[in-house]
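Engineer: Got a structure here, written out as structure tokens. Questions coming.
The values are calculated or read from the model by the stated rules, or taken from the named source; none is laboratory data. Predicted model only: the values in this text are computed from it and were never measured. Please note: Cβ atoms are built from the backbone with ideal geometry, for glycine as well, and neighbour counts cover all protein chains shown. Heads up: the accessible areas ignore ligands, DNA and RNA and are worked out on the full protein's heavy atoms, side chains in. Shrake-Rupley method; radii C 1.70, N 1.55, O 1.52, S 1.80 Å.
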Amino acid sequence: MPSSETVETAEAIETVEIPDTDVTLEAECLTYECGWQANPSTDGAAVDVECMCHTGRTGHAGFQRLCTSFALVVRNE
């Protein structure tokens, strides 16, 4: 469900609109010089499975997970 938040600044009143979009998850291995990355997905479980498979193949156990979403700032004139 889309949501929005209105913020008043010294210059103007702005609205941050958060469209009804999915959060994209990514992961990358933290082992020095490995470079492995999971395929970005809206399915967090799929990213977790890719990380577990990487651990099984390599023994690398540390990952950085990134969650990305989209927001739009609209100036109310």
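Engineer: Pairs please, first residue from region 49-69 and over 11 Å from ALA27 (Cβ atoms), second anywhere and surrounded by 13 or more Cβ atoms within 10 Å (Cβ to Cβ), Cβ atoms under 7 Å, 6+ apart in sequence or on different chains.
Structural biologist: HIS60/CYS29; HIS60/THR31; HIS60/CYS34; HIS60/HIS54; ALA61/THR55; THR68/THR24
Engineer: Is it the case that region 40-59 has a residue that's touching an Asp or Glu at 6+ places or on another chain (Cβ under 7 Å), modelled with pLDDT of 95 or more and assigned to a strand (DSSP E or B)?
Structural biologist: Within region 40-59, none of the residues are touching an Asp or Glu at 6+ places or on another chain (Cβ under 7 Å), modelled with pLDDT of 95 or more and assigned to a strand (DSSP E or B).
Engineer: Taking the condition of being surrounded by fewer than 14 Cβ atoms within 10 Å (Cβ to Cβ) and in contact with a helix residue (DSSP H, G or I) (Cβ under 7 Å, 6 or more places away or on another chain), how many residues in region 40-59 meet it?
Structural biologist: The number of residues fulfilling the criteria is 0.
Engineer: Suppose we keep only residues that are at pLDDT below 90 and in a strand (DSSP E or B) within region 12-30. Which one would you say is least open to solvent (accessible area, probe 1.4 Å)?
Structural biologist: THR15
Engineer: For region 60-70, which residues satisfy the criterion of being open to solvent by 60 Å² or more (accessible area, probe 1.4 Å) and either part of a loop (DSSP other than H, G, I, E, B) or in contact with a helix residue (DSSP H, G or I) (Cβ under 6 Å, 6 or more places away or on another chain) (or both)?
Structural biologist: Passing the criteria: ALA61, SER69, PHE70.
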